[in-house]
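The values are calculated or read from the model by the stated rules, or taken from the named source; none is laboratory data. Here the structure is a predicted model, which means the values were calculated and not measured. Reconstructed Cβ throughout: ideal geometry from the backbone, glycine too, with neighbour counts over all protein chains shown.
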Amino acid sequence: MFEWLRTFWYGRILFLARGDQLARFLNQVSKDGVILYHTQKSERGMRAQLTLADFRRLRHAARLTHTRVHIVAKYGWPFVAARWWRRKGLLTGIVVIATVLTVLSQLVLSISVTGNRNLMSSDVLARAETLGLKTWVYSKSLDLNGIAKTLQEQLPDAAWIGVERKGTDVIIKISEKIRPIIPKEAGNLVAMHAGIVGEIMVIQGTPQVHEGETVRAGQVLITQEPSLNPPSTSITPNSAADNSKPAPLPSAARGFVRGRVWYSAEAKVPLAENKVEESGKDATGWGIKFGSRVIMVTTPNSPFKQARQEVLSHSLLPWRNWRFPVECIRVNYKELRTVHLERSVAEARQLAEQTARTEVQKKITPSVPIVKEAVKILSSNPEAERVRVELETYEDLAVYANP
Amino acid sequence: MFKKLQTSVGDILDFPADVVGEGPKITITGRRQILVENYISIVDFSEEEIRLETAEGDVCFGGKGLALKVILSTELRIEGELSSLSFKGREIK
């Protein structure tokens, strides 16, 4: 490898020597300190190689022995460099393109919003722009976590916001709060869950609950400002569409209502059960997929009696709307076995608690703090253990009702 | 006289032959690689035969597809299918 690199770096010349005194020529060349490589005699003369630096030193030996030297081929970096140096325009173009691509790849070229249903993408993008997230800015200088946090604070309907950079694309991922559908309460803040109100702060509108009050899901917490117009001219979607100058809608209620909310989940784990699980053994098969037809090259069938199959498709990168029709597929066969599990009461209880906790965590909005946790054992059945996990959180209850 | 003295001293001090003598050192690896050190000049060469002049006479390598892989002033590397090796010229005294 290093020898090859050295050869390439210094450059090699392949030449053909013709004459009657080739042996004498070789002796003279070696006496002159020139190193020859791959010297071989053929019908046309003698072929040999030497480094570019030594080529001029052949002249003395050639003149002494009346040998004619013809260059057959040139190989190596000095010749490549000389060829490129003659094409300065092309070289400059490549450097310019590489520079432009390098610079452009450091910028934010597109911003997209995903996961939003009720939140307007344009609104999210406008807010992101005020925080510095806009196109043609240096992407490494952006504090994406800070922007995500600020956006989440600005958009109360978003349960979670994440900002991710993929090359030159920035994706704002939104997970919206699930809002209760109450058409007549549009514009009002209603309770997302049942709970006990701990604190209430009204920015705009009229509070309908007080601290310490128990509220149920969907109950109105803060109502919007009443319309100044008489009730007869109140705006409905139809009248708004008919009227060319609709009256201004009353501004929506704004504020926070935080309170204690309880979540619970139950899980039941039997003390003895038959379970199918992976044994750890696996086998891989390779095949070719052409359209809907699959031809397996290796391991066409699962070598195990009971197995789970995973098919992974490897296709060449698509170009615009064209895809290479042939794909390479890999099938992983994972052996399954039936295991009879016997658990002690403590083990079953622990597993049930773990399962119930996982279930209850799914119901809670991420980043909501858990205030209290209780684990209750409900079991009176000798064959199974039932456990209930109850979590108490302190979170924002108020959300806008879906019209 | 000097050569004789050199040989005697070399024998007494147990020096290797390539250090004491003037003859060539030939290393053959398998049938395809030959390294010749301490040669004087190339007398003749072709794909079938390579003849070198040494202090001990001419060394002749016979074979097929012989090529001089590297030529240095005191060292020569030959590659090809070697079939024979012979010395010609001077006799050992």
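Go through the residues of the stretch B:20-31 one by one and say whether even a single one is touching a residue at least 24 places away in the same chain (Cβ under 8 Å), over 27 Å from A:G33 (Cβ atoms), more than 13 Å from every other protein chain (Cβ to nearest Cβ) and surrounded by fewer than 14 Cβ atoms within 10 Å (Cβ to Cβ).
yes
Residues in the stretch A:343-358: is at least one on the phi > 0 side of the Ramachandran plot and of a type outside the set (K, R)?
So in the stretch A:343-358, the residues on the phi > 0 side of the Ramachandran plot come out as none.
Taking every residue of the stretch A:343-358 in turn, none turns out to be on the phi > 0 side of the Ramachandran plot and of a type outside the set (K, R).
Let's see how each residue does on (1) part of a strand (DSSP E or B); (2) under 31 Å from the mean Cα position of the chain (by Cα); (3) over 30 Å from A:H193 (Cβ atoms); (4) not assigned by TED's automatic domain parsing to the domain that holds A:D157:
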| site | (1), (2), (3), (4) |
| --- | --- |
| A:G287 | yes, yes, yes, yes |
| A:P300 | no, no, yes, yes |
| A:E310 | yes, yes, yes, yes |
| A:L351 | no, no, no, yes |
| A:R357 | no, yes, no, yes |
| A:Q361 | no, yes, no, yes |
| A:P366 | no, yes, no, yes |
| A:N381 | no, no, yes, yes |
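So, in the stretch A:271-285, how many residues would count as being surrounded by 15 or more Cβ atoms within 10 Å (Cβ to Cβ) and not in a loop (DSSP other than H, G, I, E, B)?
First pass over the stretch A:271-285, keeping only residues surrounded by 15 or more Cβ atoms within 10 Å (Cβ to Cβ): A:271, A:282-283, A:285.
Then drop every residue that is not not in a loop (DSSP other than H, G, I, E, B), which leaves A:282-283, A:285.
Number of matching residues: 3.
Can you find even one residue in the stretch B:55-68 that is of a type in the set (V, I, T), touching a residue at least 24 places away in the same chain (Cβ under 8 Å) and touching a Gly at 6+ places or on another chain (Cβ under 9 Å)?
Filtering the stretch B:55-68 for residues of a type in the set (V, I, T) gives B:59.
This time we only want the ones that are touching a residue at least 24 places away in the same chain (Cβ under 8 Å), so: B:59.
With the extra rule that they be touching a Gly at 6+ places or on another chain (Cβ under 9 Å), the set shrinks to none.
No, every residue in the stretch B:55-68 fails to be of a type in the set (V, I, T), touching a residue at least 24 places away in the same chain (Cβ under 8 Å) and touching a Gly at 6+ places or on another chain (Cβ under 9 Å).
Against the conditions (1) loosely packed, with under 13 Cβ neighbours inside 10 Å; (2) under 17 Å from A:L336 (Cα atoms); (3) not hydrophobic (A, V, I, L, M, F, W, C), where does A:S302 fall short? Just the number, please.
The number of the failed condition is (1).
Name the single residue that is farthest from A:F256 (Cα to Cα) among those in the stretch A:164-186 being touching a Gly at 6+ places or on another chain (Cβ under 9 Å) and buried (at least 19 other Cβ atoms within 10 Å of the Cβ).
A:I172
Would you please name the residue that is surrounded by the fewest Cβ atoms within 10 Å (Cβ to Cβ), looking only at residues in the stretch A:329-347 that are touching a Leu at 6+ places or on another chain (Cβ under 9 Å) and in a helix (DSSP H, G or I)?
Checked the stretch A:329-347; the qualifying residue surrounded by the fewest Cβ atoms within 10 Å (Cβ to Cβ) is A:V345.
Need the failing condition index for B:G23 against (1) of a type in the set (G, A, S); (2) farther than 30 Å from B:L5 by Cα; (3) under 9 Å from the mean Cα position of the chain (by Cα), just the number.
Unmet for B:G23, out of (1) of a type in the set (G, A, S); (2) farther than 30 Å from B:L5 by Cα; (3) under 9 Å from the mean Cα position of the chain (by Cα): (2).
Search the stretch A:147-160 for residues that are not assigned by TED's automatic domain parsing to the domain that holds A:Y400 and pair each with any residue that is of a type in the set (V, I, T) and assigned to a loop (DSSP other than H, G, I, E, B) when their beta-carbon atoms are under 7 Å apart and the residues are at least 6 apart or on different chains.
A:A159/A:T365
If you check B:G80 against the conditions, is it at positive phi and either part of a strand (DSSP E or B) or in contact with a Leu (Cβ under 6 Å, 6 or more places away or on another chain) (or both)?
Numbers: at positive phi: yes; either part of a strand (DSSP E or B) or in contact with a Leu (Cβ under 6 Å, 6 or more places away or on another chain) (or both): yes.
So B:G80 fits the description; yes.
Go through the stretch A:312-328 and count every residue that is part of a strand (DSSP E or B) and more than 9 Å from A:K289 (Cβ to Cβ).
Taking the stretch A:312-328 and keeping what is part of a strand (DSSP E or B), we get A:312-314, A:319, A:322, A:326-328.
With more than 9 Å from A:K289 (Cβ to Cβ) added as a condition, the list becomes A:312, A:314, A:319, A:322.
Here the count works out to 4.
When you go through A:R323, A:R293 one by one, which is the residue that is charged (D, E, K, R) and surrounded by fewer than 12 Cβ atoms within 10 Å (Cβ to Cβ)?
Checking each option against the conditions leaves just A:R293.
Right, A:G11: more than 16 Å from B:S41 (Cβ to Cβ), within 52 Å of the chain's Cα centre (by Cα) and in contact (Cβ under 8 Å) with a residue 24 or more places away in the chain or not?
Working: more than 16 Å from B:S41 (Cβ to Cβ): yes; within 52 Å of the chain's Cα centre (by Cα): yes; in contact (Cβ under 8 Å) with a residue 24 or more places away in the chain: yes.
Considered against the rule, which asks whether it is more than 16 Å from B:S41 (Cβ to Cβ), within 52 Å of the chain's Cα centre (by Cα) and in contact (Cβ under 8 Å) with a residue 24 or more places away in the chain, A:G11 comes out as yes.
Hey, among B:E48, B:E37, which residue is modelled with pLDDT of 85 or more, farther than 21 Å from A:S30 by Cα and within 14 Å of another protein chain (Cβ to nearest Cβ)?
On the way: B:E37 fails: farther than 21 Å from A:S30 by Cα.
Checking each option against the conditions leaves just B:E48.
Contact list please: Cβ distance under 8 Å, first residue in the stretch A:338-358 and closer than 16 Å to A:K275 by Cα, second residue assigned to a helix (DSSP H, G or I), pairs at least six apart or on different chains.
Taking only residues 6 or more apart or on different chains, the pairs are A:R343/A:L351.
Out of A:I174, A:I147, A:I178, I need the residue that is outside any helix (DSSP H, G or I) and either touching a strand residue (DSSP E or B) at 6+ places or on another chain (Cβ under 7 Å) or more than 23 Å from A:K363 (Cβ to Cβ) (or both). Which one?
Numbers: A:I147 fails: outside any helix (DSSP H, G or I); A:I178 fails: either touching a strand residue (DSSP E or B) at 6+ places or on another chain (Cβ under 7 Å) or more than 23 Å from A:K363 (Cβ to Cβ) (or both).
Only one candidate qualifies: A:I174.
In this structure, does A:A346 turn out to be of a type outside the set (D, E) and closer than 30 Å to A:Q204 by Cβ? Explain how you work it out, then say what you get.
Values: of a type outside the set (D, E): yes; closer than 30 Å to A:Q204 by Cβ: no.
No, not satisfied.
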